[in-house]
1. Which of (1) part of a helix (DSSP H, G or I); (2) in contact with a Lys or Arg (Cβ under 8 Å, 6 or more places away or on another chain); (3) not polar (S, T, N, Q) is the odd one out, the single condition Cys14 does not satisfy?
2. If a residue counts only when it is modelled with pLDDT under 90 and closer than 21 Å to Ser136 by Cα, which helices (runs of 4 or more DSSP H) contained entirely in the stretch 24-123 have at least 2 such residues?
3. Where the second residue is charged (D, E, K, R) and in a helix (DSSP H, G or I) and the first is closer than 18 Å to Ala122 by Cβ and lies in the stretch 1-28, which pairs have Cβ atoms under 6 Å and are six or more apart or on separate chains?
Amino acid sequence: MHRRPEVKAAAQLCGIGPVTASALVASVGDFTQFKTGAQFGAWLGLVPSQNSSGGRASLGRITKRGDDYLRTLLIQGAKSAVMSAHKRSDRISAWLVQLKERVGWQKAVVALANKNARIVWAVLAKGRIFDPNHVSIKPGEIVGAVVGAVAATAWAP
């Protein structure tokens, strides 16, 4: 495996191996140039095109803008991960199994490629460690959860 810590961190994700990780690190360089993971996914061309008018939202195929090679590597890795998701027990694999049943194999592959791109951005731009069982909490939900926990303990006998 590559010696750079960024490559090792990116290669922790299911569907991203050392080749994809080193290609991402070499091509992008500084991940902080993107404000969000969604912006990074859009830069790679992994988001649906949008045709909206008059309050009607219409999403199309992926835009395919950005680096063809990186997008291909992420899609190929995602195909492998989707095919073997039923054998794993982490949160992402469970999400993949139900997503594949709901929307189909191809859309699940692209969704995982986009999710992996966003996770790689979060890991490398913010210096976080990848946790496959992470549950994200929106800032407003933290206050509600704390208030709910305090109210529950205040009324406990």
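The values are calculated or read from the model by the stated rules, or taken from the named source; none is laboratory data. Since this is a predicted model, take the numbers as computed values, not measurements. Methodologically, a virtual Cβ is constructed for each residue, glycine included, from the backbone with ideal geometry; neighbour enumeration extends over all protein chains shown.
1. So Cys14 meets the others, but not (1).
2. Qualifying helices (runs of 4 or more DSSP H): 37-44, 91-103.
3. Filtered contacts from the stretch 1-28: Val25/Glu6.
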